[in-house]
Amino acid sequence: MRPIRRHQDTGLALTIGVLSGLLGYWLRMPLPWMLGPMIGTTTAAILGWPVRGPDKLRPIVIPVIGVLLGSGITAELFGQLGSWALTLTLLPLFLAAAAAFSYVVYRRLGRYDPVTAFYAAMPGGLNEMLILGGAAGGDEKKIALAHAARVLLVIFLVVLYFGTVLGVRSGAGGRGYVPLDALSLADYLILGACAAGGVTLARRLKLPAAPVFGPMILSGAVHVAGWVEVAPPSVIVVTAQIVIGTVIGARFVGATVKEIASDLAIAAVATFGMLAIAVLFAESVARIMGMPLSQAFLAYSPGGLTEMSLLTLTLGQDIAYVSVTHIIRITVIIAVAPTVFRLALRRT
């Protein structure tokens, strides 16, 4: 059989992603355009289909999500900054507890070596933990699978928790459809500049999650200033979500069914424990601050920044609060993880 070329692999993955997104939308699944492709592409990867994630498209579409998130920022939100203090104060304690639990799971249950277990357990960004873990001598494949599985499972479990426990359904307070002609030429130019310029600015300032954070800041600024009053067109946002979901699912390509089943099982235990800890911290914040439990829970859920922000938008929760909390989470993990690892290594 002739080998399938790279562009054909990517085309197959995107085809599965689109069809899975349409199916998810038809089934009224929450976050269908990302969750559907994640499920479809992950299934194809497990079945051994020759799919390849559209990784080259990801840097293009991620800023679109940042611009979308920024469009939800209003001047009134800045008056709420004081109410976030307790959440951010407890955040390092939550990260320590969640990472410690996850480390024990990967070390004892998964039999991972200490380096791999440590960086697999950190609730940070996949790319950052993969780079740091690989540099420290960890198993990059296991670290990548652990974080891909965490993001996948967090979204599933959070949606399940919101629907069955909190009774919150997608679309509550969500946005309506934004057609292509809802934006003027000036709107397109300004939002395009926010997407491209935001990434460049955030990278020069060495901000975390630059492809999302930079465009979100600039988009929020132009929306607060009133230069633009609409969000990016829904077609563009849907396309971005399909690409992101397909990339996540395709990360399981190359692993055997046994490896995926084993890593998913271990990740499920670690993720469930981390989410249980998140519920405890969210309950404390919600009771003390008089905040909705749903909002505090999303802020502490250890998923990816982009994915959790999209889920927050879909569920009609406070975008700025949740996004800022996750940005700080990733910043703290990236800054602290190498130092903690070195100290632990010395003690060992």
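Quick notes on this one:
- Residue among Thr306, Thr312 that is crowded, with 24+ Cβ neighbours inside 10 Å, in contact with a Ser or Thr (Cβ under 8 Å, 6 or more places away or on another chain) and at pLDDT below 85: Thr312
Rundown of residues vs (1) within 21 Å of Gly70 (Cβ to Cβ); (2) modelled with pLDDT under 85; (3) outside any loop (DSSP other than H, G, I, E, B), yes/no style:
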| site | (1), (2), (3) |
| --- | --- |
| Leu130 | no, yes, yes |
| Lys142 | no, yes, yes |
| Arg150 | no, no, yes |
| Phe156 | no, yes, yes |
| Gly163 | no, yes, yes |
| Arg169 | no, yes, no |
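- When each of Arg287, Arg346 is tested for being more than 16 Å from the chain's Cα centre (by Cα), at pLDDT below 80, among the charged types (D, E, K, R) and surrounded by fewer than 21 Cβ atoms within 10 Å (Cβ to Cβ), the lone residue that passes is Arg346.
- Single residue of Val199, Val235 found to be among the β-branched types (Val, Ile, Thr) and under 30 Å from Ile143 (Cβ atoms): Val199
- Residues of segment 85-119 classified as in contact with a helix residue (DSSP H, G or I) (Cβ under 6 Å, 6 or more places away or on another chain), small (Gly, Ala, Ser) and within 16 Å of Val279 (Cα to Cα), total: 4
- Selection of segment 15-71 for residues being among the small types (Gly, Ala, Ser), crowded, with 24+ Cβ neighbours inside 10 Å and farther than 21 Å from Ala195 by Cα yields Gly17, Ser20, Gly21, Gly36, Gly40, Ala45, Gly53.
- Taking the criterion of being among the hydroxyl-bearing types (Ser, Thr, Tyr) and either in contact with a strand residue (DSSP E or B) (Cβ under 7 Å, 6 or more places away or on another chain) or crowded, with 19+ Cβ neighbours inside 10 Å (or both), the only residue of segment 185-222 that qualifies is Ser219.
- Of all residues in segment 1-39, those satisfying the criterion of being outside any helix (DSSP H, G or I) and either at positive phi or modelled with pLDDT under 75 (or both) are Met1, Arg2, Pro3, Ile4, Arg5, Arg28, Met29, Pro30, Leu31.
- Test: residue in segment 328-338 that is out of contact with any helix residue (DSSP H, G or I) (no Cβ under 7 Å at 6 or more places or on another chain), at pLDDT 85 or above and either not acidic (Asp, Glu) or not in a helix (DSSP H, G or I) (or both): no
- The C-beta contact set for segment 153-182 (first residue farther than 19 Å from Val238 by Cβ and buried (at least 17 other Cβ atoms within 10 Å of the Cβ), second residue at pLDDT below 60 and among the hydroxyl-bearing types (Ser, Thr, Tyr), distance under 7 angstrom, 6+ apart or interchain) is empty.
- Count of segment 256-313 residues which are in contact with a helix residue (DSSP H, G or I) (Cβ under 7 Å, 6 or more places away or on another chain), closer than 15 Å to Ala146 by Cα and outside any helix (DSSP H, G or I): 3
- The residue that is farthest from Ser323 (Cα to Cα), counting only those in segment 200-219 that are touching a Pro at 6+ places or on another chain (Cβ under 8 Å) and aliphatic (A, V, I, L, M), is Ala202.
- Neighbours by Cβ (under 6 Å, 6+ apart or cross-chain): first from segment 277-293, aromatic (Phe, Trp, Tyr); second surrounded by 15 or more Cβ atoms within 10 Å (Cβ to Cβ) and assigned to a helix (DSSP H, G or I): Phe281/Leu90; Phe281/Phe94; Phe281/Tyr300
- Qualifying residue in segment 101-117 (condition: in a helix (DSSP H, G or I), under 20 Å from the mean Cα position of the chain (by Cα) and modelled with pLDDT of 85 or more): yes
The rows are residues; the columns are (1) farther than 21 Å from Phe162 by Cα; (2) more than 18 Å from the chain's Cα centre (by Cα); (3) charged (D, E, K, R).
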site	(1), (2), (3)
Met34	no, no, no
Met38	no, no, no
Ala44	yes, yes, no
Leu47	yes, yes, no
Val61	yes, no, no
Val64	yes, no, no
Val67	yes, no, no
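The values are calculated or read from the model by the stated rules, or taken from the named source; none is laboratory data. Given the structure is predicted, the values throughout are model-derived calculations rather than measurements. All Cβ positions, glycine included, derive from the backbone under ideal geometry; neighbour counts span all protein chains shown.
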